[in-house]
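Accompanying notes for the structure given below.
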Amino acid sequence: MNKYFILALAIALSSCSDSFFEKEMPSNQVVTGKFYKDQSDFNLAVNACYEKLKSEVSFLLTEIEYRGDSNNLDAVAVSTQSRYDLDHFQDISTNTILASVWKNDYNGIFRCNEMLNHIDGVDFAKHDQYKAEVMTLRAWFHFNLYRTFGVVPIVLKAISPTEAMGVPRCTEDEMYEFLSSDLKAAAAMLPDAYTGEETGRITNCAANALLGRVALTFGKYDDAEKALAEAMKNTHFGLLGSTAEVFDVGNKQNREILLAVRYNKAVNLGHGAWYTTTNPSTAKNPTVQLTSAYESDDNRARLLEWTKMNTGNNYQLNKWHDTYDATYTTVTGNDFPLLRYADVVLMYAEALNELGRSAEALPYLNKTRVRAGIKALTTADASTKEQVRHEILDERQREFAYEGMRWFDLVRMGYAVDYFTSLGYTIDKHNLVMPIPNDQIEVVNNKAVMWQNPGYEK
């Protein structure tokens, strides 16, 4: 994609603020009318919105994986305390990681709104495409906030700090209506695919896939089935021959990737460095809960093995292995997929199962099982809705290891509390969402607008 995620451009924005109520403005003073004049300006604005996805990766790949059962974090140090607390369900409203997630997502929302506030006043060839891309991104940021914190303020305009302080947390119905309506509208405006430098941008398949994920999260199974069926109509995307092919850095932007955060180590470090060890024999990750989920002939298990990276003593998980050339001098950063076709297939199986169509769900569940080298399931193996739901959950654990999905899958399917209790953790229903950052509650100072989640009140 042309200058994708690179913001050393006219629309570069500051990286953070004290609160989402303190909005960030482009450095070239958008409000004076010097920007948002033509397609090139809006393309830069769209890139600025995409750029905020980078900050999602750390949260999904590390914190959410610790929140699940893929990682152990036993040692406690000052630098790891916030992560340790999330790992052990010792959530507090002053957790610095949660504060960063809140601020990053609302900054992303502001960027989206700032662009959307101007786009309908300008006519250019890619108007509908750019608008739909940013509507999808705005939905993504709101959805990430929702599944992390529960209902949050829905912000649909680039408003002032004073105005923002009056935007209350929404209801469940309001959040679903906003997400579903915007994603449906976006999908209708987006193309099936891109070519050349635009390859990797959001397509109608990606928007429908996100809509399916949203609908499943809210228990709207009819809507999920329809959205995911629509996503699968796009023949430009599909499963590759193996999961390993998806993560081959020589095969970026392949047809299984619907949306990915892009990396190039000439510009920034790939996230593979976050899963590195100097001694695989003593590494506590992946956990036994994860490695034992694979059957002996499941070829995906190799993705969780350690590979020596260079002439030094560094090893990296195969799944996030950054490829070196023969002399170990050239490095390519590994992309991080946010949406891929395997998820569409397995979510579709989940939707069918929850609609009481368990037998119809099995062929879709089997698509990823068979390509992994394990046997297809029949109704003799799983015939009830509960049995098929468990099989889908287990298959998702194997397929999406270290992709930031496990915790959210356990919550969505209703197993999180019982499962982690069985592992010896102290967890109850209130831990299914995390506490609203305390600084956000303090700055509003109005419980009718911003209140703490139950179980986290002081």
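The values are calculated or read from the model by the stated rules, or taken from the named source; none is laboratory data. What you see is a predicted model, and the numbers here were worked out from it, not measured in a lab. In this analysis, Cβ positions are derived from the backbone assuming ideal geometry, glycine residues included, and neighbour counts consider all displayed protein chains.
The set of residues in the range 81-112 that are among the polar types (S, T, N, Q) and under 20 Å from E442 (Cβ atoms) comprises S82, S93, T94, N95, T96, S100, N104, N107. Residue-level analysis places A193 outside the set of residues that are among the small types (G, A, S) and either within 20 Å of E114 (Cα to Cα) or in a helix (DSSP H, G or I) (or both).
Counting only helices (runs of 4 or more DSSP H) wholly contained in the range 1-100, the ones carrying 3 or more residues that are more than 30 Å from K429 (Cβ to Cβ) and at pLDDT 85 or above occupy 39-51.
Among the residues making up the range 218-245, a single one is more than 21 Å from F143 (Cβ to Cβ), touching a Leu at 6+ places or on another chain (Cβ under 8 Å) and either at pLDDT 95 or above or charged (D, E, K, R) (or both): T243. Of the residues examined, M450 is one that is farther than 26 Å from L338 by Cβ, crowded, with 19+ Cβ neighbours inside 10 Å and touching a helix residue (DSSP H, G or I) at 6+ places or on another chain (Cβ under 7 Å). Scanning the range 365-392 for residues being crowded, with 19+ Cβ neighbours inside 10 Å and more than 20 Å from N299 (Cβ to Cβ) gives a total of 3. Of the residues making up the range 137-185, those that are basic (K, R) and over 22 Å from A224 (Cβ atoms) are K157, R169. Scanning the range 178-236 for residues that are surrounded by fewer than 18 Cβ atoms within 10 Å (Cβ to Cβ) and closer than 16 Å to A260 by Cβ returns A193, Y194, E197, E198, T199, H236. Criterion first (without any contact (Cβ under 8 Å) to a residue 60 or more places away in the chain and either out of contact with any Gly (no Cβ under 6 Å at 6 or more places or on another chain) or over 23 Å from N208 (Cα atoms) (or both)) does H118 satisfy it? For H118, the condition - without any contact (Cβ under 8 Å) to a residue 60 or more places away in the chain and either out of contact with any Gly (no Cβ under 6 Å at 6 or more places or on another chain) or over 23 Å from N208 (Cα atoms) (or both) - is not met. Yes or no: T136 farther than 27 Å from P435 by Cβ and either within 22 Å of the chain's Cα centre (by Cα) or of a type in the set (G, A, S) (or both)? Judged against the criteria, T136 is a match.
For (1) among the hydrophobic types (A, V, I, L, M, F, W, C); (2) more than 18 Å from T291 (Cβ to Cβ); (3) surrounded by fewer than 17 Cβ atoms within 10 Å (Cβ to Cβ), each residue gets a yes or a no:
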position	(1), (2), (3)
M405	yes, no, no
F408	yes, yes, no
G424	no, yes, yes
M434	yes, yes, no
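Does I374 qualify as being touching a Phe, Trp or Tyr at 6+ places or on another chain (Cβ under 6 Å), of a type in the set (V, I, T) and over 20 Å from G219 (Cβ atoms)? Considered against the rule, which asks whether it is touching a Phe, Trp or Tyr at 6+ places or on another chain (Cβ under 6 Å), of a type in the set (V, I, T) and over 20 Å from G219 (Cβ atoms), I374 comes out as no.
In this structure, D418 qualifies as without any contact (Cβ under 8 Å) to a residue 24 or more places away in the chain, in a helix (DSSP H, G or I) and closer than 26 Å to L60 by Cα. As a summary of the residue check, A361 satisfies the conditions (1) of a type in the set (A, V, I, L, M, F, W, C); (2) surrounded by fewer than 15 Cβ atoms within 10 Å (Cβ to Cβ); (3) within 26 Å of the chain's Cα centre (by Cα) except for the one numbered (2).
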